[in-house]
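The values are calculated or read from the model by the stated rules, or taken from the named source; none is laboratory data. A quick note: this is a predicted structure, and the numbers were derived from the prediction, not measured. So basically every Cβ, Gly included, is an ideal-geometry build from the backbone, and we count neighbours across all protein chains shown. With ligands, DNA and RNA removed, areas are computed over all heavy atoms of the protein, side chains included. Shrake-Rupley method; radii C 1.70, N 1.55, O 1.52, S 1.80 Å.
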Amino acid sequence: GQDLSKAVQKIQTALHNDDGKGSVPPYELGSGWFGSLINEDISRLDDQEQSHWHALFHQLSKASAGKPTKKFIATVNPLIDEIGVKSFKTLSNRWLIAAAKRDVSSTVETHTYKESTYNYTVHEYIEAHSHNLLKGLLWSMSRFHDQESLKSIALLVEKCFQKIPEQGPAAAGVGNAGIYTLAQSKGLGGVSHLSRLKLRIRQNNTQKLI
């Protein structure tokens, strides 16, 4: 969960800062499917590029509020520039599309209490500790207004509001971050996607937000 993830990051940062190299500590992406996808892509880059991405991940993971602050955007933008806008958009859109196409996984768990055995189903879309990272990634894309990025964001938003039995939307916080970013778009591109989403997403509070 979020608390354990934060503790891990603090310990890793402390250990890394003690090595005398002064480089950016790796961000712990975890072993879930989304973290594994990013890890695989990042591992193909050279050390400097990886360091730039990990610096960005550390900032994106702080996206716990309802919308980004000016400080958040001001901190993230230079990190994106260090990565390079083209490289950032290429990988970010790849990750957003992969998340939009991802099916909700369902596993049956068994619990035994006294002499009784109970079966229950656990549903998961994106691992919980990656939610803030994905929210921050969406917020960071508010500076871009190209059709490819807007489409990727809109597809992910729709997926995030897919209903999971006995749970509700798959990832409402992530979806709200996407709605925010679409609303910042210059021109009518973001507006057209929001109009379509308002017809497809049935939750009243989300329709009001749109």
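Brief remarks on what is shown
- From the list Glu109, Glu124, Glu28, the one residue that fits, being out of contact with any strand residue (DSSP E or B) (no Cβ under 8 Å at 6 or more places or on another chain) and open to solvent by 50 Å² or more (accessible area, probe 1.4 Å), is Glu28.
- Looking only at residues of the stretch 31-49 that are open to solvent by 70 Å² or more (accessible area, probe 1.4 Å) and in a loop (DSSP other than H, G, I, E, B), we find that the one that is nearest to Ala177 (Cα to Cα) is Ser31.
- Matching option when the condition is of a type outside the set (Ser, Thr, Tyr) and buried (at least 16 other Cβ atoms within 10 Å of the Cβ), among Leu138, Leu188: Leu138
- Of all residues in the stretch 187-210, those that are part of a loop (DSSP other than H, G, I, E, B) and within 23 Å of Trp95 (Cβ to Cβ) total 1.
- Checked across the stretch 94-103, the condition of being of a type outside the set (S, T, N, Q), crowded, with 22+ Cβ neighbours inside 10 Å, in a helix (DSSP H, G or I) and within 16 Å of the chain's Cα centre (by Cα) holds for at least one residue.
- Residue pairs whose Cβ atoms lie under 6 Å apart, separated by 6 or more positions or on different chains, with the first residue in the stretch 160-180 and touching a residue at least 24 places away in the same chain (Cβ under 8 Å) and more than 13 Å from Arg200 (Cα to Cα) and the second open to solvent by 60 Å² or more (accessible area, probe 1.4 Å) and of a type outside the set (D, E, K, R), are Ala170/Gln162; Ile179/Leu209.
Yes/no per residue for (1) at pLDDT 95 or above; (2) open to solvent by 60 Å² or more (accessible area, probe 1.4 Å); (3) closer than 23 Å to Ser192 by Cβ:
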position	(1), (2), (3)
Ser51	no, no, no
Leu56	yes, no, no
Thr90	yes, yes, no
Thr117	no, yes, no
Lys151	yes, yes, yes
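- Residue list for the stretch 67-88, filter: open to solvent by 70 Å² or more (accessible area, probe 1.4 Å) and under 14 Å from the mean Cα position of the chain (by Cα): Lys67
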